[in-house]
Amino acid sequence: MQLAFQYIRNSRVLLTVIGFGLLFFCGQVSIPIQPVAITLQTVAMLVIGLTFSKADALRSVTSYLMLGALGAPVFANFSGGFAKLMGPAGGFYFGFLVAVWVMCTLRERFSRANTKEMLLIAFAGQTTLYVCGVLWLCAYVSPDKAISFGLVPFILPGIVKSLLVAAAVLYLKK
């Protein structure tokens, strides 16, 4: 089993495909509220940010965004296209890229990977995602509505996702 994990970690293409696949499949599990759906993509972002190298994480998210922008139906609810990427949820899509960069950078600095640090890194990723998403959403609705629709419904699910993913990653690293 350890040999299989070692192979996956050493295969850049395989890691890119796994990261892309996580984002894609988790995006299809959603609660389609407007203007931004609640999805499990943040779970994928957390897994990628807590486990992948910075280069592999950025390559995975970038390939996901590029294919989606080109029209492949990879975004939430099997949607795609440049208009979707630039729409109200666009800040969250671009936020995945910024969040995994922040998470991987923090992981490089805090290499002990204890429970407290993993949770802080996960919360930093979630916070980064929210900031990107809400700021972008302000171009479509008022700041009050951006916070009401782009942040408030995501706080509790985000905390739960961060706790569960950080705990799972720590458990699997043992």
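The values are calculated or read from the model by the stated rules, or taken from the named source; none is laboratory data. What you see is a predicted model, and the numbers here were worked out from it, not measured in a lab. Neighbour counts run over all protein chains shown; Cβ positions are idealised from the backbone, glycine included.
Structure data summary
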item	result
Residues within the range 118-152 that are assigned to a helix (DSSP H, G or I) and either over 18 Å from the mean Cα position of the chain (by Cα) or buried (at least 19 other Cβ atoms within 10 Å of the Cβ) (or both), tallied	21
Test: Ala99 is assigned to a helix (DSSP H, G or I), buried (at least 21 other Cβ atoms within 10 Å of the Cβ) and on the phi < 0 side of the Ramachandran plot	yes
Any hit, the range 115-123, residues being in contact (Cβ under 8 Å) with a residue 12 or more places away in the chain and of a type in the set (D, E, K, R)	no
Answer from Ala89, Ala83 - the residue that is exposed (fewer than 15 other Cβ atoms within 10 Å of the Cβ) and farther than 20 Å from Ser162 by Cα	Ala83
Inter-residue pairs, beta-carbon under 6 Å, first in contact (Cβ under 8 Å) with a residue 24 or more places away in the chain and closer than 26 Å to Ile121 by Cβ and in the range 78-98, second among the aromatic types (Phe, Trp, Tyr) and assigned to a helix (DSSP H, G or I), 6+ apart	Gly90/Trp136; Gly91/Trp136
Failed criterion for Lys84 (all others in (1) out of contact with any strand residue (DSSP E or B) (no Cβ under 9 Å at 6 or more places or on another chain); (2) in a helix (DSSP H, G or I); (3) basic (Lys, Arg) hold)	(1)
Selected residue [of a type in the set (Ser, Thr, Tyr), modelled with pLDDT under 95, closer than 17 Å to Leu23 by Cα and out of contact with any strand residue (DSSP E or B) (no Cβ under 8 Å at 6 or more places or on another chain)] from Ser111, Ser79, Ser148	Ser79
Of residues in the range 36-67 being surrounded by fewer than 24 Cβ atoms within 10 Å (Cβ to Cβ) and small (Gly, Ala, Ser), the one modelled with the lowest pLDDT	Ala37
